[in-house]
């Protein structure tokens, strides 16, 4: 009994030392082809519990198996529970730095958006953590909404991505809509793929339902700027919703928090699963591959979108087994 108590004490001390030791600055992976981009998208992950760690391990496993990862996109609710107290808060270690590790996750940037659980306090320190390059330096959040290009194809950005803050006071929404217009209508080379990321989805078949103000204001902005996909969380599950003439609505909010059940599938619901996991996107100039994975790293379902396909997401983003049909229709 005494030995067991001593062992526990040693483990406790070792764990405390491990958490209190600053993580090493990350070194970006080198030699990656700029003509392709691979990203993992996951939200509602910041619980700090075992489920978040399981999903993190699965993310590393999938990246290792596929041999490709450029970045991770966090879709909000990055810190549940007690709000952050500073950029030195222990939660940075238990809900981010130590959770995502390995050959791939330790060497890629994490681009984050804010969720409703990051307000009204934590968002300040999340922005400062990114601006000041704290911790490992992987956390990327220069502002509460921002834009960034990824990859290069003959002088064109392979992906232009707008990161939104749908948890901010609603009076800032028009400012963000103007920002979307500026990002995608600016002079210069036109991006091959256009993606937006937010915490709240526009279309949602889960129990949180749609938010009418986003449908009224954000949807037209995404449509007129020909945005291909919106990545979001908020619902703690996985969904792919496709509607004619609209972007693909990809919900990946099963990163670590208690899961939300799903109602009976609606006609627009292409995929829905109330299980923990994440989404992975692989893009090049010719196609986009979207795949959903479980917290074991198992592939649940996959879709492909040929860039030459003449329709929007509904009609172009199809199950991988149907790609021959897509190619014929696009000719």
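Tallying residues that are in a strand (DSSP E or B) and closer than 22 Å to residue 57 by Cβ within the range 252-277 yields 3. Here residue 164 fulfils each of the conditions (1) free of Cβ contacts under 8 Å to residues at least 40 places away in the same chain; (2) under 17 Å from the mean Cα position of the chain (by Cα) apart from (1).
Can you spot a residue in the range 68-90 that is over 26 Å from residue 165 (Cβ atoms), over 14 Å from the mean Cα position of the chain (by Cα) and at pLDDT 95 or above?
Going residue by residue through the range 68-90, those that are over 26 Å from residue 165 (Cβ atoms) are 68.
Retained after the next criterion (residues that are over 14 Å from the mean Cα position of the chain (by Cα)): 68.
So of that shortlist, the ones also at pLDDT 95 or above come out as 68.
Yes, there is a match, as at least one residue in the range 68-90 is over 26 Å from residue 165 (Cβ atoms), over 14 Å from the mean Cα position of the chain (by Cα) and at pLDDT 95 or above.
Remark: pairs (first residue in the range 16-28, farther than 19 Å from residue 130 by Cα; second residue modelled with pLDDT of 65 or more and surrounded by 12 or more Cβ atoms within 10 Å (Cβ to Cβ); Cβ separation under 6 Å; 6+ apart in sequence or on different chains) = 19/93.
Pairs meeting the criteria (first residue in the range 204-224 and closer than 13 Å to residue 176 by Cα, second residue modelled with pLDDT of 85 or more and in a helix (DSSP H, G or I), beta carbons under 7 Å, at least 6 apart or on different chains) are 217/173; 217/177; 218/177; 221/177; 221/180; 221/181. Just checking, how many residues over the range 156-174 are surrounded by fewer than 17 Cβ atoms within 10 Å (Cβ to Cβ) and more than 17 Å from residue 76 (Cα to Cα)? The qualifying residues number 4. Residue 78 meets the conditions (1) surrounded by 18 or more Cβ atoms within 10 Å (Cβ to Cβ); (2) out of contact with any strand residue (DSSP E or B) (no Cβ under 7 Å at 6 or more places or on another chain); (3) part of a loop (DSSP other than H, G, I, E, B) in every case but one. The failed one is (2).
Residues checked against (1) surrounded by 17 or more Cβ atoms within 10 Å (Cβ to Cβ); (2) within 22 Å of residue 252 (Cα to Cα):
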| position | (1), (2) |
| --- | --- |
| 108 | yes, yes |
| 116 | no, yes |
| 120 | no, no |
| 129 | yes, no |
| 138 | yes, yes |
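With respect to the conditions (1) surrounded by fewer than 21 Cβ atoms within 10 Å (Cβ to Cβ); (2) within 18 Å of the chain's Cα centre (by Cα), residue 30 falls short on a single one, namely (2).
From the list 204, 213, the lone residue that is in contact with a strand residue (DSSP E or B) (Cβ under 8 Å, 6 or more places away or on another chain) and either over 25 Å from residue 140 (Cα atoms) or surrounded by fewer than 21 Cβ atoms within 10 Å (Cβ to Cβ) (or both) is 204.
The values are calculated or read from the model by the stated rules, or taken from the named source; none is laboratory data. What you are looking at is a predicted structure, and each value in this text was computed from that prediction instead of being measured. Every residue, glycine among them, receives a Cβ derived from its backbone with ideal geometry; neighbour counts consider all protein chains shown.
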